Amino acid sequence: MTNKPTRNDNLKDRLSSSHEINITVTGRKSGRPISIPIWFVSEGDKLYLLPVQGSGTQWYKNALKNPSIRIDAGGEKAELKVTPITDPKQVASVAEKFRSKYGASDVKKYYSKFDAAVIADLE
């Protein structure tokens, strides 16, 4: 008996080979879906997102109001619930994961504020 890959396994495969994903959040004022490409780090069953302008980033503010987001990683889609992270040590840990994946110089170049991150369960 072989184990068929689940949709979740397919998503994890796509995440492991993707440089960026598209996320769709619900506009906190308009109520409309807003999609943007962002960087991410996936580890095990966790997906980490780091807003480029920290807590001032628009998609982050939208996710605070409506924590249900959709992601698209190379055609594999999922709806996830995100949890904000504002503890400085936890945010620093997420930022370090981004530096490991994308390089410290690029993270420094594109990310201006490190006061917030989000985490989502892929299960």
Some residue of region 69-81 being part of a helix (DSSP H, G or I) and of a type in the set (Gly, Ala, Ser): no
Matching residues, region 95-123, being closer than 17 Å to Val52 by Cα, part of a loop (DSSP other than H, G, I, E, B) and either open to solvent by 40 Å² or more (accessible area, probe 1.4 Å) or touching a residue at least 24 places away in the same chain (Cβ under 8 Å) (or both): Tyr111, Ser112, Phe114, Asp115, Ala116
Qualifying residue in region 45-65 (condition: of a type in the set (Val, Ile, Thr) and in a strand (DSSP E or B)): no
Pick from region 35-65, criterion touching a Phe, Trp or Tyr at 6+ places or on another chain (Cβ under 7 Å) and hydrophobic (A, V, I, L, M, F, W, C), ranking: nearest to Ser16 (Cα to Cα): Val41
Test: Ala92 is in contact (Cβ under 8 Å) with a residue 12 or more places away in the chain, part of a helix (DSSP H, G or I), buried (at least 16 other Cβ atoms within 10 Å of the Cβ) and among the aliphatic types (A, V, I, L, M): no
Filter pass, Ile36 being open to solvent by 30 Å² or more (accessible area, probe 1.4 Å), among the aliphatic types (A, V, I, L, M) and either more than 24 Å from Asn8 (Cα to Cα) or assigned to a strand (DSSP E or B) (or both): yes
Neighbours by Cβ (under 6 Å, 6+ apart or cross-chain): first from region 41-53, within 15 Å of Tyr111 (Cα to Cα); second of a type in the set (D, E, K, R): Val41/Lys97; Val41/Lys101; Tyr48/Lys97; Gln53/Lys113
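Yes or no, residue by residue, for (1) exposed (fewer than 12 other Cβ atoms within 10 Å of the Cβ); (2) acidic (Asp, Glu); (3) modelled with pLDDT under 95:
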| site | (1), (2), (3) |
| --- | --- |
| Ser17 | yes, no, yes |
| Ser30 | yes, no, no |
| Val41 | no, no, no |
| Asp45 | yes, yes, yes |
| Tyr48 | no, no, no |
| Tyr60 | no, no, no |
| Arg70 | no, no, no |
| Gly74 | no, no, yes |
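The values are calculated or read from the model by the stated rules, or taken from the named source; none is laboratory data. Just so it is clear, the model here is predicted, and its values are computed rather than measured. Backbone-built Cβ (ideal geometry, glycine too); neighbour counts: all protein chains shown. Heavy atoms of the whole protein, side chains included, go into the accessibility calculation; ligands, DNA and RNA do not. Shrake-Rupley method; radii C 1.70, N 1.55, O 1.52, S 1.80 Å.
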